[in-house]
Amino acid sequence: APQECPFCGEAAGRELEEHVRERHGHLLGAPGADTGNGEHLYECPMCSLTCTNIQILEEHVNLHLEEHSFSEGGHLRDLELAQQLQSEEDKWQRSEERREREEFKKLQKQYGLDNSGGYKQQFLKNMEREVDRGRMQPFEYHKRKADMMESLAFGIDDGKTKTSGVIEALCKYYQNESKDVRRVWLSAGVDHFHSSLGDRGWGCGYRNFQMLLSSLLQNSLYRDCLRDTTLIPSIPKIQSMIEDAWREGFDPHGASHFNNRLHGSKAWIGACEIYSLLTSLRMKCQIIDFHKPTGPVGTHPRLFEWILHYYSTDNEGGAKVVCTSKPPIYLQHQGHSRTVVGIEEKKNKSLCLLLFDPGCSSQEMQKLLKQNSDGANLKLLRKFMGSLKEKQYQIVAVDGVLSLEEKAARCRASQVLTSEKIP
């Protein structure tokens, strides 16, 4: 950038000193007042300093020019640096905004909030893919589509992913075999449901609710609350039931997370949605948050102890196998949920949970109906303390029925719904 002449203000190019000498040299040599002894005083045209020698004046003016040049150059360098920093800041900001948008889209897709359709759309899309790959015949596609549409129309699960009788088979096995188990407690009448073509990848919460409901429907204590729900609802129906609970006033904060809409989406649900739905059905339940490990190597012994207490409270007898009236427990951790259907106490006092996993297929679960004497297939269900090492777990446990007044009170309380944390 051209430098300005300190005398005339013109752009002097890069040779400022030559410009001054050519255009303003007469100022440098103009003598001032006589000192009285024959010497002349020379006044600096830039700062009015008087010099007794023309060479001294020139050196002095050169210092002015160098200082002016440095100041101009420094100002330009500062300006360029500021512009560069601002440009880098703008570039980083745009990059962050783009990254945040991409991450938000990924989260929306992961949790089924990207408006890509729900159970019905995924079911049809996956069946079309099966036909394209030659793994399904067109006539089977049309039959299964018709069955699916009928199931959705009535809001009833089609039962194609259900396995019944596992609890009864376990009860028989523990009575006759399993010599290393001192005692075992089991929930009664729990059917297993696994994910299907329509909910694979996101339906575990809904499938666990179906498992829990299958036991509640067989328990006379809860039958009155469920007189409007005599059959296992389909996943879209469960979504509508949760929306109904929100409309009653349950968990408005959670509802706003889903924009008050689940039906027609692939939205994941968790412990809060299960709690709201059960409470709206007048089930007395609680959320308990095991928010940090309570044992060595990231384990959760307090979780195991709580579940043992839950099952054993009303069963103090000495029987080895206790088929309780306790409903199963909904167990949630980051990214997945399962259903606790019982707990083993080994002869060495160690504990082992028995879990139904929606990710386990009907073919695998049916192996449990013909249990070998060595209990090898039980590995599908057994989870020892060292197997549950997620950072945090939540459970939803049902233990009674609410009156209408108690239900209304819990609805009001859910405006600020918090889980009980185990210290």
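Listed peptides 124-136, 86-98 appear in the order 124-136, 86-98 once ranked by packing, highest mean of other Cβ atoms within 10 Å at the front. Relative to the current alpha-carbon distance between LYS347 and GLU59, full extension at 0.36 nm per residue lengthens the span by 93.5 nm.
Quick one: of the DSSP bridges fully inside the range 278-423, what percent are antiparallel, nearest 5? So the antiparallel bridges amount to about 90 percent of the total. A simple spin-label model places pseudo-atoms 7 Å from Cα toward Cβ; at LEU226 and SER240 they are separated by 1.9 nm. Within the range 340-368, list the residues whose amide N lies under 12 Å from a label point set 7 Å along Cα→Cβ of SER312. Flagged as within label range: 343-352. Sorting the segments 137-149, 249-261, 205-217 by their residues' average number of neighbouring beta-carbon atoms within 10 angstrom, most packed first, yields 205-217, 249-261, 137-149.
The convex hull built on the alpha-carbon positions of the range 119-421 has an orientation-averaged projected area of 16.6 nm².
Couplings 3J(HN,Hα) for the range 323-336, derived from phi with the Karplus relation 6.51 cos²θ - 1.76 cosθ + 1.60 (θ = phi - 60°), are 8, 7, 9, 6, x, x, 10, 7, 10, 10, 9, 4, x, 7 Hz, where x marks Gly and Pro.
Taking θ as phi - 60° and the Karplus parameters 6.51, -1.76 and 1.60, the scalar couplings of the range 265-279 work out to 10, 10, 5, 6, 10, x, 4, 5, 5, 5, 4, 4, 5, 4, 5 Hz in sequence order, x denoting glycine and proline. A Förster distance of 25 Å, applied to the separation of the beta-carbon atoms of SER403 and MET149, puts the FRET efficiency at 0.05.
With K and R counted +1 and D and E -1, the other residues having a Cβ less than 14 Å from that of LYS91 yield a net charge of -2. Can you tell me how much longer the chain between ILE156 and ARG247 gets when fully stretched, taken as 0.36 nm per residue apart minus their C-alpha distance, in nm with one decimal? Taking ILE156 through ARG247 to full extension adds about 30.6 nm, to one decimal. Take the Cβ atoms of LEU369 and ARG200, set R0 to 30 Å, and the FRET efficiency comes out at 0.80.
Compared with the direct C-alpha span, the chain from GLU43 to ARG382 gains 112.0 nm at full extension, assuming 0.36 nm per residue. Given +1 at the Cβ of Lys and Arg, -1 at the Cβ of Asp and Glu and no other charges, the dipole of the range 119-421 around its Cα centre is 700 debye to the nearest 20.
Less than 5 angstrom separates the built amide H of GLU43 from those of GLY32, CYS51, all sequence-distant by 5 or more or on a different chain.
Net charge within 14 Å of HIS142 by Cβ-Cβ distance, Lys/Arg positive one each and Asp/Glu negative one each, not counting HIS142 itself? Net charge around HIS142: -2.
With both bridge residues required to lie in the range 119-421, what share of the DSSP beta bridges run antiparallel, to the nearest 5%? Antiparallel bridges make up about 85 percent of those DSSP assigns within the range 119-421. Using 29 Å as the Cα-Cα cut-off, could you pick out the over-long pairs in LYS326/LYS391; LYS143/LYS172; LYS145/LYS370; LYS326/LYS383; LYS370/LYS391; LYS346/LYS407? The answer is LYS143/LYS172; LYS145/LYS370; LYS370/LYS391; LYS346/LYS407.
Each value in this text was obtained by applying a stated rule to the coordinates, not by laboratory testing. If you're wondering where the values come from, they're calculated on a predicted model, not measured in any experiment. Note: ideal-geometry Cβ built from the backbone for every residue, glycine included; neighbour counts use all protein chains shown.
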